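Data block below; observations after.
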Amino acid sequence: MNPLRLKQLYSLIICVMWGISPLFAQNILQKKIELAPTSDHFSAIMHQLSQQAGFDFAYNAALFAADEKYQIEANNEPLSQVLDSFLSPMEMSYKVIGEQIIIYPDKKVKERKASRTISGLIMDQQSGEGLAGIEIHDEYWGMIAYTDANGRFERTFKQPTVNLNLWLRGGNYQEKHLKIRLTQDRSINIMMEKEAALERKSQTPANFLVTTSPKIAPLDELKMVQIFVSEDKTEALAASDTLIYSPFQVGLLPALSSNFLKNAQSINGASFNLLAGYAAGVQGIEMGGIANIDRFDMRGAQLAGVTNIIGGSVEGIQMAGIFNHSKGYISGAQMAGVTNIAHKEMAGIQMAGINNVHQGRITGLQMAGVSNVLTSGGKGLQVAGISNMTKGEYLGVQLSAVLNRSKDKMKGWQVAGLINVVADSLEGFQLAALSNINKKYLNGSQVSALNNTNRGNMMGFQFSLSNNSQQKLHGLQVGLINVADTIRGSQLGLINHARRFEGGVPFGLFSFVSTGANNLELLYEDENFLSLNYKTGHRHLYNILTYAISMNDFETMTMGYGLGSAPKIYRSLSLSADVTFNYVQQETKFFDHLNFLAKAGLQLNWSITPGFGIFAGGRYNIQWVDINGLEGRPSSLRTHPLWTNQQDNIISSGWMSFHAGIRIGRLGH
């Protein structure tokens, strides 16, 4: 065909495809979608849309929080309309490309805010006056705010998107429930109606709050609280919703405070407790000789000689001589002489002389003199004098003097003085003085002085005295002893063992491959020598142990070690190339003088069956012998060598030899 016409035809095809693509995209985007009101993870919502539209969605999962739920509803609406209303608040766009709808950040948005703020004014519906001391709870975050003397509140969340299920309560006003999705900063005005206290207490919470109702965190079971707060006081508080703001408080004990009988309802701006204090919360600074106890949130700084105990969330820093205990979300730092205990999500730092215990997810640093315990995963850095323990997927680094252990998936590094253990899969690096253990898939490296063990598939590198990979290894093992199931890569060590090689070969003094070379050869060489060879390893690189004895005097013998390769050349035919280095013994005294023999040759093999064959070939031989040890014996095993040479006391000679024999065992796959 004329090249010009071929170019014209190609251009026409491109134009047609370019014209059809928008029509195809438009057809897809007009498909009707029907979805009941749904609150679910982003991936689950995309799956539902994909099933109805018959189309695949592609997006970067890192743009959407794994634990966040999104709301969507569609009433027989076009897919384009559903996507516009769903993605626009998240500052995301979409485009049809080929057989996928690509979701990506809106290029018009130069920078996505890392935080969202909700603020507002809560007023009496009849008078319009601002209401002070109204508690604002969220089912996940706990008490997020309370109104000031003018009825105003504000709270900032360090996330680009926040879903809030809010409950407003306080005084003799009816509880109010709001659902708000923050994709940008937002200010709201709320009216609250009065009602009889008895009627208010009889209300039933909404169904979705049955398991996570934002009630007061129960502190009364803690021993330290029982010491300073009477049982009568805690029972009275359970029935009280009224909070007041106090700019300043000073006291000796909870019962002896400048707030008098209202200390447990007071939100203090500055609080100074000579021994111990008990308050609703802190918005500023609190200092205590022994203990600071707050029913709800602490925003600012707490310092105590013994302990700080918070029933709600912490935004700021807690410092205690013995321990800090928080039952809500933490954004900031906990520092204690002995231990820190946290129950919910944390973004910040935990530092303790003995140990840190965190039951929620953490983003940040845990540092302890003895141990760090994390039960819900997270990301960051753990540093401990003895051990680090994590449960839940963890992304980051663990450093300890003795032990690091992750019970679930981990992405990152483990560095330990003795042992690293990952009970699930690992993407990263393990370094230990004694041993590394990974129980499932490993994508990375293990380095230790004694042993590396991986019980699942592995892609990477193992370096140790002994290495063990119990399933498929795609990479390299380096050690004195290497053991693997299936390998695509190599082993470098004194002893190597593998069930199967799918690619690559082992390098070692002795290599054993279950499906590889494993055979005995019995052969006859000219000059009347009978030889026995044992070959083991991989077909393309095997080890050779060889022994030969002269049939002339039955006293002259050779023994040696070598390497070889036997690639197939046609069906049952293969060609071996072997090199061996041997010691020659001509009397009962072993190794009393220099007498060495090197052999290099080719051998044609015919495998009659996989376990039996015959062969024939030739070798070139070079012998070096010390004439001081000959004692009248010939200087060469060959009667008429091709050449001889003497330098000082060493005589060398070379010759060709031929051999033939039988093989018992396999050459390998």
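Secondary-structure-derived ellipticity at 222 nm for the chain, considering helices only, amounts to -3000 deg cm²/dmol, per-run term -39500 (n - 2.57) for DSSP H runs with n ≥ 4. Hey, quick one: spin label on residue 604, modelled 7 Å out along Cα-Cβ, who in region 544-588 has an amide N within reach, i.e. under 18 Å? From region 544-588, the list is 566-578.
Using the Cβ atoms and a cut-off under 9 Å, what net charge is assigned to the surroundings of residue 408, where Lys and Arg are +1 and Asp and Glu are -1? All intermediate terms of the calculation are to be shown ahead of the outcome.
Working: positive: 391, 407, 409; negative: 393, 424.
Every neighbour counted, the sum reads +1.
Which of the peptides 182-188, 540-546 is most tightly packed, and how do the rest follow, going by the mean number of other Cβ atoms within 10 Å of each residue? Before the final figure, lay out the partial values.
On the way: 182-188: 14.0, 540-546: 20.7.
The packing order, highest mean first, is 540-546, 182-188.
Net length available on complete extension from residue 526 to residue 572 is 13.9 nm, with 0.36 nm assigned per residue and the Cα-Cα distance removed.
In this Cβ point-charge picture (+1 for Lys and Arg, -1 for Asp and Glu), the chain has a dipole of about 1280 debye about its Cα centre.
Evaluated at q = 0.21, 0.22, 0.30 Å⁻¹, a Debye calculation over the C-alpha positions of region 467-525 (equal weights, vacuum) places log10 I(q)/I(0) at -0.67, -0.73, -1.28.
By the count of other C-beta atoms within 10 Å, a proxy for reagent exposure, 330, 180, 72 are ordered fewest to most as 180, 72, 330. Per-peptide packing, taken as the mean over residues of other Cβ atoms within 10 Å, places 352-362, 125-135 in the sequence 352-362, 125-135 from highest down.
If you take the beta carbon distance between residue 272 and residue 193 as r and set R0 to 41 Å, what does 1/(1 + (r/R0)^6) give as a FRET efficiency, to the nearest 0.05? Display every interim value, and only then the final one.
Numbers: r = 39 Å, r/R0 = 0.94.
For R0 = 41 Å, the calculated efficiency reads 0.60.
With θ taken as phi - 60° and the Karplus curve 6.51 cos²θ - 1.76 cosθ + 1.60 applied, the whole-hertz 3J(HN,Hα) list for region 296-305 is 10, 8, 10, 10, x, 9, 10, 9, 9, x Hz, x standing for glycine and proline.
For residue 538, the amide hydrogen comes within under 5 Å of the amide hydrogens of 517, 543, counting only partners 5 or more places away or on other chains and with H modelled in the peptide plane. In order along region 375-383, the phi-based Karplus estimate (6.51 cos²θ - 1.76 cosθ + 1.60, θ = phi - 60°) of 3J(HN,Hα) comes to 9, 10, x, x, 8, x, 9, 10, 10 Hz; Gly and Pro are listed as x. Between residue 547 and residue 28, what FRET efficiency comes out of the Förster formula 1/(1 + (r/R0)^6) with R0 = 51 Å and r the beta carbon distance, rounded to 0.05? Calculated transfer efficiency: 0.10. Taking θ as phi - 60° and the Karplus parameters 6.51, -1.76 and 1.60, the scalar couplings of region 357-373 work out to 10, 10, 9, x, 6, 10, 10, x, 10, 10, 9, 9, x, 10, 8, 10, 10 Hz in sequence order, x denoting glycine and proline. Here's how it looks for residue 366: its modeled amide H is under 5 Å from those of 350, 381, 382, 383, which are all 5 or more places away or on a different chain. Computed on the chain, with alpha-carbon pairs under 8 angstrom and 6+ residues apart, the relative contact order is 4 percent. If you look at the Cα atoms of region 487-560, you get an Rg and a Dmax of 15.2, 48 Å.
Calculate the translational D of region 271-315 in whole µm² s⁻¹ from Stokes-Einstein, where the hydrodynamic radius comes from the Kirkwood formula applied to all Cα pairs, the temperature is 25 °C and the viscosity 0.890 mPa s.
After rounding, the answer is 252 µm²/s.
Close amide H contacts of residue 304 (hydrogens built in the peptide plane, cut-off under 5 Å, sequence separation of 5 or more or a different chain): 288, 319, 320, 321. Each label was represented as a point 7 Å from its Cα along the Cα-to-Cβ direction; for residue 183 and residue 106 these points are 0.7 nm apart. Lys and Arg at +1, Asp and Glu at -1: add these up for the other residues within a Cβ distance under 14 Å of residue 520 and post the number. That sum, taken over residues with Cβ under 14 Å, equals +2.
Extension gain, residue 628 to residue 176: 0.36 nm times the residue separation minus the Cα-Cα distance gives 151.9 nm. When the listed pairs 95/409; 95/379; 69/344; 472/599 are checked against a 26 Å cut-off, the alpha-carbon distance exceeds it for 95/409; 95/379; 472/599. Packing, as the average of other Cβ atoms within 10 Å across residues, places the peptides 606-616, 526-536 in the order 526-536, 606-616, highest first.
Using a Förster distance of 35 Å, how high is the FRET efficiency between residue 591 and residue 640, based on the Cβ-Cβ distance and rounded to 0.05?
Values: r = 28 Å, r/R0 = 0.79.
Once rounded, the FRET efficiency stands at 0.80.
For residue 119 and residue 555, the difference between the fully extended length at 0.36 nm per residue and the C-alpha to C-alpha distance is 146.8 nm. Obtain the radius of gyration and the Kirkwood radius of the chain from its C-alpha atoms and give Rg over Rh. In the chain, Rg relative to Rh is 1.22.
Which value results when the Cα radius of gyration for region 517-666 is divided by 2.2 N^0.38 Å? Let's see the in-between values first.
On the way: Rg = 16.0 Å, N = 150, 2.2 N^0.38 = 14.8 Å.
The reported ratio for this selection is 1.09.
Could you please rank 375, 390, 339, 644, placing first whichever residue has the fewest other Cβ atoms within 10 Å of its Cβ?
Values: 375 17, 390 26, 339 23, 644 14.
Going from least to most buried by this count: 644, 375, 339, 390.
None of the figures in this text is laboratory data; all of them are computed from the coordinates on show. Not measured: the values here are computed from a predicted model. Positions of Cβ are backbone-derived with ideal geometry, glycine not excepted, and every protein chain shown enters the neighbour counts.
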